[in-house]
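Here is the structure we will look at.
The values are calculated or read from the model by the stated rules, or taken from the named source; none is laboratory data. Here the structure is a predicted model, which means the values were calculated and not measured. We place every Cβ from the backbone using ideal geometry, glycine too, and count neighbours over all the protein chains shown. Side chains included, ligands, DNA and RNA excluded: accessible areas come from the protein's heavy atoms. Shrake-Rupley method; radii C 1.70, N 1.55, O 1.52, S 1.80 Å.
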Amino acid sequence: MAVTRVSSAVFGAGVGAPYHRGMATDTSAASSPAPTEDAVRAALATVDDPEIHRPITDLGMVKSVEIGDDGSVAVTVYLTVSGCPMRETITENVTRAVRGVAGVTDVTVSLDVMSDEQRRELAATLRGGQAEREIPFARPGSLTRVYAIASGKGGVGKSSVTVNLAAAMAADGLKVGVVDADIYGHSVPRMLGADGRPTQVENMIMPPSANGVKVISIGMFTPGNAPVVWRGPMLHRALQQFLADVYWGDLDVLLLDLPPGTGDIAISVAQLVPNAEILVVTTPQQAAAEVAERAGSIAVQTHQKIVGVVENMSGLPCPHCDEMVDVFGTGGGQRVADGLSRTTGTTVPVLGSIPIDVRLREGGDEGRPVVLTDPDSPAGSAIRSVAGKLGGRQRGLAGMSLGITPRNKF
Ligand SMILES: Nc1ncnc2c1ncn2[C@@H]1O[C@H](COP(=O)(O)OP(=O)(O)OP(=O)(O)O)[C@@H](O)[C@H]1O
Ligand SMILES: [Mg+2]
């Protein structure tokens, strides 16, 4: 897919593209009769756009197919803009697919560039008829489970938990996306090993993916390590763009890594994706648990469901003995779950306890989630167990806000 590199903040449209042309030929021997156009198009339907992950035939990217009497096939493929970083891949994949059709003696792939009108049509196809700027996950009937990972205090492991849950679910075959909703303190791309830049088709942003997880973060739009200095409305707008303008495709699960506390972003999430369920992360420490409970309680005001609590840094397995060293005390996860159960009047479970593990920290620094590099380590298996509980829940309307207010407020 031809795309424009997104150059600055999430904003601004593509394109305006000079003509680009590429060529590839193949001369595998094959016997007559000459292939039919239907057979060639069927082969082209097996070629996915490398970024959108849908067949190029569905995306209006096949401009023409010409078949000579000698079995030679000339295919012209539309890129959305010139300078497409994927043009080599597309050319190779088309060549390979067409070469496999019986009777094909030679394959020539030429590349052309879509017109503005064709790009608009493609963007409309990707949106699936949905109005521009609508958030697909907030639509009634959306089957994507959305989990917002929240905490009271900073540094308790929200991002580590988010990234590892995402990687574990993707490894289980789910289609997973992560929004790094921590605009000031973005850290997800590094932890997930996502060093690609987003690309843009019209006003749709194609998220990079890593370890099978699609991810978007403000850090992908800022030069170097430049800080983001925005007030609430801009944060809201960025989050809205991440949700509405990014082409997520059909996700099973979307995880939102929130900043710590009960600030603007938590409120924006509640407004933009009211059916997002809150996953509270805390350490075992009393003080952290109290703040986590406060952060979770915001769900009562926003009518969001709390899916459960994850206790992180639950002890350090002693490297010299079999003992567990309770570096941050004990019981915080259960205390938060009990407190939130009382506040919400529902049962809020502790979904798991993740021990302190150097491999988890190293994996975060290196962009290689511990659930993949060391899935059976204590931390890896604890997170995989939580992922199983969240990912294994029925795809559907669970957690969907009914928009009703309890008569008795707490
Ligand atoms: N179970 C763990 N074992 C070892 N190190 C951990 C564990 N959980 C998190 N860490 C480390 O603790 C630090 C903070 O974790 P992380 O960034 O995930 O927390 P956070 O809640 O997202 O922080 P912030 O509030 O700043 O966004 C990181 O260096 C991370 O690697
Ligand atoms: Mg974080």
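Restricting attention to the stretch 299-313, which residues are in contact (Cβ under 8 Å) with a residue 60 or more places away in the chain and either within 16 Å of ligand 1 (Cβ to nearest atom) or in contact with a Phe, Trp or Tyr (Cβ under 9 Å, 6 or more places away or on another chain) (or both)?
Matches in the stretch 299-313: Val300, Val307, Val310, Asn312, Met313.
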### Task
Inspect the stretch 97-105 for any residue being outside any loop (DSSP other than H, G, I, E, B), open to solvent by 50 Å² or more (accessible area, probe 1.4 Å) and away from ligand 1 (no atom under 16 Å from the Cβ) and give the result as yes or no.
yes
### Task
Scan the stretch 36-92 residue by residue and report those that are among the basic types (Lys, Arg) and either open to solvent by less than 30 Å² (accessible area, probe 1.4 Å) or part of a helix (DSSP H, G or I) (or both).
Arg41, Arg87
### Message
Quick check on the stretch 228-237. Is at least one of its residues in contact with a helix residue (DSSP H, G or I) (Cβ under 6 Å, 6 or more places away or on another chain) and surrounded by 23 or more Cβ atoms within 10 Å (Cβ to Cβ)?
### Response
no
### Hits in the stretch 163-190 - residues which are part of a loop (DSSP other than H, G, I, E, B) and more than 16 Å from ligand 2 (Cβ to nearest atom)
Asp172, Gly173, Leu174, Lys175
### Message
Condition check: modelled with pLDDT under 90 and more than 12 Å from ligand 1 (Cβ to nearest atom). Does Asp338 satisfy that?
### Response
no
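Test Val163 against the criterion of being within 13 Å of ligand 1 (Cβ to nearest atom), touching a Pro at 6+ places or on another chain (Cβ under 7 Å), touching a residue at least 12 places away in the same chain (Cβ under 8 Å) and of a type in the set (A, V, I, L, M, F, W, C), and give yes or no. Walk me through it before giving the result.
Details: within 13 Å of ligand 1 (Cβ to nearest atom): yes; touching a Pro at 6+ places or on another chain (Cβ under 7 Å): yes; touching a residue at least 12 places away in the same chain (Cβ under 8 Å): yes; of a type in the set (A, V, I, L, M, F, W, C): yes.
Yes, satisfied.
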### Query
Restricting the stretch 241-292 to residues that are away from ligand 1 (no atom under 11 Å from the Cβ) and charged (D, E, K, R), which is surrounded by the most Cβ atoms within 10 Å (Cβ to Cβ)?
Glu277
